[in-house]
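Some notes on the structure that comes next.
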Amino acid sequence: MERNAAPSAEALIHALRPDGFARSINASIETRLAPYEPLLRRLVPTLIVAFIVVMGAGALQQILNNRTDILNALEADLEVAAAAVEIDLAHRSAAAGAVQAAAVQAALDITAARIGVQSGRAMLATDADGLVVAATPPSLRQRWLGRPAGDAFRSALPMAGAGSHGTLTDGSGAIIVARALPTAPGRLYVVQTTDAALAQWGRSSLLLGTLFATTGLLLLVIGFAFHVQTVRAATADMINHNARATIDAALESGGCGLWDWEIGTSQMYWSTSMFEILGIRDREGLVTFDELVPLLHPEDGYLGGIAELTDLDPRNAVDFQFRMRHADGRWIWLRARGRGLMLAGVSHPRFVGIVVDITEQLDIAARNAAADHRIREAIETISEAFVVCDDDDRIVVCNSKFRELNGLSEDEARPGARYHEILAAAGGGAKIKEGRILSERAPGSRDIEMELADGRWLQISERRTHCGGFVSVGTDITALKRHETQLTASEQRLRASVAQLQKSQYVLEMQTQQLAELAEKYSDQKTQAEEASRAKSEFLANMSHELRTPLNAIIGFSEVLKEGHFGPLGAPKYGEYAKDIHASGHYLLSLIDDILDMARIEAGRMRLETVETRLDETLEETMRVVSKMAADKEILIEAEVPTGMDLVADRRAVKQITLNLLSNAVKFTPRGGMISVRARRARGYITLAIEDTGIGIPRHAIAKLGKPFEQVQSQFSRNHQGSGLGLAIAKSLAEMHGGSLRIRSTVGQGTTVVVRLPVEGPVSVEA
C-alpha cells in the first residue's frame, strides 16, 4: 500500500455507515454492563438455591395444609353422617313411638347407603350399658354386637360433641364423632380410620413432592451448569486476561501497538502499548474517529485505503507508513502491518494489525546513510589504494586510487565484483616485475612488497576481518625505496666515518687528559690570582691610608703659601707654584679616596648605613657641587625629579653615585652642551637617568666601563684626567643596594647612564 494514499469518498462513507454506529452502541452497552458481570455470576447460584428453598418450604406447607383440609373435611363428613342417623331415628321414633335395636340398625344401614360407605369407615350404636346393639358395615356387626364399644378403641371413647382423634385396637389412628341417640338411652359412634382417609392425600403429596424434587433437581442441574459455565468463563477470562497481558507485555517490550477495526464501525480497538507509543498513559480500549482524526497527519490518509483493500479481498495484506501526533506535539513515524480477517458470525471484515514506532529507525537510517556517505568520502580521500571485500571475495567498497593503480574502470570495480577475477582480467599480474611476502601475522593477513614493470614499488597490506572478508591497502613506496637506497649508501659512509672517529678517539682521550691537567693548573693559578687581588686591594688600602697623611700636609702648607698667611712669598711665580701644588694635592687626594673606596669595596669592608633618603634633596646637593664646573664650561643642567621620590638607602653612597655620574657627564661634555637628570618610580624601583650631549662612547668600549681603572682612551691619547674608578664605584654601590647600572651611548651624540635602586632598600646591607 502506498504511504500517502488519500482515502476515497466512497471508502469513508463505507467506513461511517449507520449499521456501524448501531454495533458500536451495542458494544458500548456491553462495555457498560461488563463491570456488573462478576456480581451476576455470584448472584444467580444464590437465587437458584433460595428459589429451591422457598419452593420446598411452599410445597411442604401445601402438603401439610392438604392433610389438615382432608382431616377437617373428613370430620365434617362424619358429622353429617351422625346427623343423618339422628334424623332418621327421630322420624322412626315419631312413627312407632319407641325405637328398638332393629330400628337403629336399619337407620345405620340406610344412612350408610346414603352417605356411602368408604374404606375404613364404621358406625356403632350402643345401649345405655355401652354394649353394641347396631353396627355397619356388616363385617363389624358380627364382631361387635353385644360387646362393649370400648373394646374397639385403645383410647378412651369421646363424649358426645365434636369429632376427636383416637386410636383403634389395631393401633391405627381414627377420627371419632359421638352422638347421643335421640330416642333411646345410648350412643352413636361414627368412626373413620385416618390411614384410609389420608391415602389420597399421600398420593397427591407424593405427586407434589415428585414435582418439587424434579423441579429442584432441574434447577440444581441448571445452577451447577451455570456454575461450571461461570467457572469456565472466569477461567477463560483469566486466560484471556493473561493472554492479553502477555500480548501487551510483548507489544510494549517490542514498541508495538495492536489495532482491531471492524470495517464499517466508527471506532477501533487499541492496545495499551498503542496509547503509550503516542504518550497517552493509563488507557486501553476503543478509540472513536473523532479522537483519531486530529492525531493523523493531514498528508497521510489511510483508513479509506484499508476499507477499500479489505472490501476487495479480506485476506489482502496491508503495509504502510504514516505519521501521528505525539502527546508532546511532535510527529512520529509509524508502520502498520496487518490484513483483513473474516470471523464467524460477523458479516463485515475486520482489520487486525500491528503498529510499530519507526521514528528512531528512520533517524538511525538517515544517520547511517550520512555516516556511510562520510565513510565513502573518507575512503575516497585516502592517498593509498583501499579496497574492502566480503567473505565471498567480492568487493564491498574501493576508492579511485585503487582503480587507478590497477587500471580499472568504475564499472569494473563496482561493488559485488570478484576481487581476484577483475585483477586477473585487468592484467595486473603482467605488470609485476618482482614481489615478495614481507610477513604473515595471521591466516589470510599478510604484507606484500612488489616492484612494477614501470619501476614503481608497492606495499600491499591485507588484513582479515571478523566476518571472513579482508581489507587491502596499497601504498606507493617508490620514494621510500629510493630513500632506502640512499640510506644504505649513507650507512656505508657512516661506517667509514665511525672507523675514522674511532681512530680519533685515542687522540681525543689524550687531549682530554691534557685539558684536565691544564684545568688543574688553571684552578691553582686562579686561586693565586684571587689571593694576589686581595693582597693588591689590601696593599692599595694601606698605601692610600699612608699617602693621605703627607698629602694632607702638602695641601695644607700649599694653601697657606697660596693665601700668604705669613706674608708674601716674594716672586709671583711662587704663588703660581703654590696654586699648582694645591690643585695637584687635591687631585691626588681624590684619586687616593677613589682608590681607597674601591679597595674597601673589593675587600668587602664597606658597610651601608640605610636610612630614609629623599632623592630630590640628594640630587640638589650634588648639582650644587658640580654647578661651578658646569658653569665654567657653559653647560646647562636640567633636572626633572618629582617630589616624593623617597627610598631606603645609604645617603652618602647615593650622593657619591650621583656625584660620580654628574662629574663624568660634565667632564666629557664639550662647552655649551647640556645635561638632563630624570627620575621616576615604578614596580618597587626608582630609576635615575643622567643624559649628556658629550663625546659619546664606542659600542665595543661600553662593556669595559664599570671595571676598576678602565677608561675609553689610552693613557697616551686621553684628554681628560681621572683614575677610571668613578663608574666602577658607582656601579658597585648600586649593586650593593640590590640595583643596577646600565650605559647607553652613541659616539658624537652623547651618553645616558641609568641607575635602578630598590625603594625598600637592599636585602642585605653587607657588600
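Structure values in brief
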{"item": "Length released on extending from Met55 to His326, taking residue separation times 0.36 nm less the Cα-Cα span", "result": "91.3 nm"}
{"item": "Where labels lie 7 Å past Cα in the beta-carbon direction, separation of Asp260 and Gln514 in nm", "result": "11.2"}
{"item": "Spacing of the two label points (7 Å from each Cα toward its C-beta) at Leu569 and Val625, in nm", "result": "2.8"}
{"item": "Distance violations [Cα-Cα > 32 Å] among Lys573/Lys628; Lys562/Lys633; Lys526/Lys655; Lys573/Lys633; Lys562/Lys628", "result": "Lys526/Lys655"}
{"item": "Protection proxy ranking of 692-698, 675-681 - average other beta-carbon atoms within 10 Å, highest first", "result": "692-698, 675-681"}
{"item": "The stretch 212-280, accessible area per residue, ligands and nucleic acids excluded (1.4 Å, Å²)", "result": "51"}
{"item": "Ranked packing of 249-257, 511-519, 61-69, most packed first, by mean Cβ within 10 Å", "result": "249-257, 61-69, 511-519"}
{"item": "Computed E for Glu421/Ala370 - FRET, C-beta separation, R0 35 angstrom, nearest 0.05", "result": "0.60"}
{"item": "Trypsin sites (Lys or Arg not before Pro) within the stretch 202-294: DSSP coil, no more than 14 neighbouring Cβ in 10 Å", "result": "Arg281, Arg283"}
{"item": "In the stretch 216-262, chymotrypsin sites (Phe, Trp or Tyr not before Pro) in a DSSP loop with at most 15 other beta-carbon atoms within 10 Å", "result": "none"}
{"item": "Order by protection proxy (mean Cβ within 10 Å, highest first), peptides 481-490, 186-195", "result": "186-195, 481-490"}
{"item": "Separation in nanometres of the label points that stand 7 Å from Cα toward Cβ, at Ala243 and Glu291", "result": "2.4"}
{"item": "Rounded if a/c under 1.5, otherwise prolate or oblate - the stretch 315-394, Cα gyration tensor axes", "result": "oblate"}
{"item": "Computed E for Asp363/Ala453 - FRET, C-beta separation, R0 60 angstrom, nearest 0.05", "result": "0.70"}
{"item": "Computed FRET value (nearest 0.05) for Ala378 with Glu252, which takes r as the C-beta separation and R₀ as 35 Å", "result": "0.30"}
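The values are calculated or read from the model by the stated rules, or taken from the named source; none is laboratory data. It should be emphasised that the depicted structure is a prediction, and the values quoted were computed from it without experimental measurement. Cβ coordinates were reconstructed from backbone atoms using ideal geometry, including for glycine residues, and neighbour counts include every protein chain displayed. Just the protein is used for accessible areas: all its heavy atoms, side chains included, with ligands, DNA and RNA removed. Shrake-Rupley method; radii C 1.70, N 1.55, O 1.52, S 1.80 Å.
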